[in-house]
Amino acid sequence: RVSARSGEGIDTLVQSLQDILIQQPHRPDLGRPRLPVDRVFTLSGFGTIVTGTLLDGCLSVGDDVHILPRGITGRIRGLQTHKQAEQSALPGSRTAVNISGVSVDQIVRGDVVAHPGDYQTTKMIDVYCTLLADADAPLKHNSVAELFVGAAEVMARVRLLGVQECEPGGEAFLQLMLQNPVVALRGDRFIIRRPSPPATIGGGKVVDPHPTRR
């Protein structure tokens, strides 16, 4: 039994969660860090700070970084993980990055902080999508959807590959033509929503982040 009001069982719950986390494998370090930005703000005396969950590599104080898709260059002035100052941040950690040389109005949610040259942006991705069984209508070829990948939200034109529509509960390969560029990798998970009336209709994994036009 757990009670947030009395505190009963909280210590046991925390210990149980920690035991589960210890058994989980560490996030892979592929040597090419990327931080999808989910929040950006400024603090007096520090300057621009972004937060997100670090993927695929480590960031360290002093690293030069690019902010994609804008192509802006900055340098890491400081790092915090779980409110603790660090010299390096590890993959999988919630990370706050203090970036010098970049103003707060140059970065928005959905941008990606990465080492220079590690990633290329894309405006077209191939994905494998599963439509929700309770979606209110089929997903049709050449329809418009809202794509959520990383921390980015972008409108997309949907091209179904090999079929004209996908019924609720069905699966299909899609090619998404994006209104704005994003950073995406093979295996990244995504969600798509119908913009009007707004509703989540499906999701899946990125198959090819840099496909040829079909």
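Quick notes
- The distance between label points at residue 191 and residue 46 comes to 2.8 nm (points 7 Å beyond Cα on the Cα→Cβ vector).
- Pairwise label distance in nanometres, residue 16 with residue 123, each label 7 Å out on the Cα-Cβ vector: 5.1 nm
- When percent of Cα pairs over 25 Å apart is calculated for this entry, the matching label among (i) 37; (ii) 49; (iii) 53 is (ii).
- The range 32-72 and the range 138-160: distance between their alpha carbon centers, rounded to Å: 26 Å
- Shape call, the range 165-206: gyration tensor on alpha carbons, a/c limit 1.5: oblate
- Using the Cβ-Cβ distance between residue 109 and residue 58 with R0 set to 25 Å, the FRET efficiency from 1/(1 + (r/R0)^6) comes to roughly 0.65.
- Selection of trypsin sites (Lys or Arg not before Pro), the range 167-202, meeting DSSP coil and at most 15 other Cβ within 10 Å: 186
- Within the accessible area of the range 143-214 (1.4 Å probe), percent carbon and sulfur: 50 percent
- Qualifying trypsin sites (Lys or Arg not before Pro) in the range 64-101, where qualification requires a DSSP coil assignment and no more than 12 other C-beta atoms within 10 Å, comprise 83.
- Accessible-area composition of the range 1-79, carbon plus sulfur, in percent [1.4 Å probe]: 52 percent
- Once Rg and the Kirkwood radius are both taken over the C-alpha atoms of the range 114-180, their ratio Rg/Rh works out to 1.04.
- Estimated FRET transfer efficiency when R0 is 45 angstrom, pair residue 70-residue 1 (beta carbons, to 0.05): 0.35
- Legend: calculated FRET efficiency, residue 38 to residue 213, from the Cβ-Cβ distance at R0 = 41 Å, rounded to 0.05, equals 0.85.
- Distance between the modelled labels on residue 130 and residue 180, one decimal in nanometres: 3.0 nm (7 Å Cα→Cβ projection).
- Global geometry of the range 21-122, whether rounded, prolate or oblate, following the gyration tensor of its Cα atoms and the 1.5 cut on a/c: oblate
- Charged-residue dipole, Cβ positions (Lys, Arg, Asp, Glu), the chain about Cα centre, Debye nearest 20: 380 debye
- Secondary-structure-derived ellipticity at 222 nm for the chain, considering helices only, amounts to -2000 deg cm²/dmol, per-run term -39500 (n - 2.57) for DSSP H runs with n ≥ 4.
- Placed amide H near residue 111: partners under 5 Å, 5+ positions off or other chain: 37
- Surface analysis of the range 1-115 yields an accessible area of 60 Å² per residue, using protein heavy atoms and a 1.4 Å probe.
The values are calculated or read from the model by the stated rules, or taken from the named source; none is laboratory data. Remember, it's a predicted structure, so these values are computed and weren't measured experimentally. Reconstructed Cβ throughout: ideal geometry from the backbone, glycine too, with neighbour counts over all protein chains shown. Surface accessibility is based on the protein's heavy atoms, side chains included, excluding ligands, DNA and RNA. Shrake-Rupley method; radii C 1.70, N 1.55, O 1.52, S 1.80 Å.
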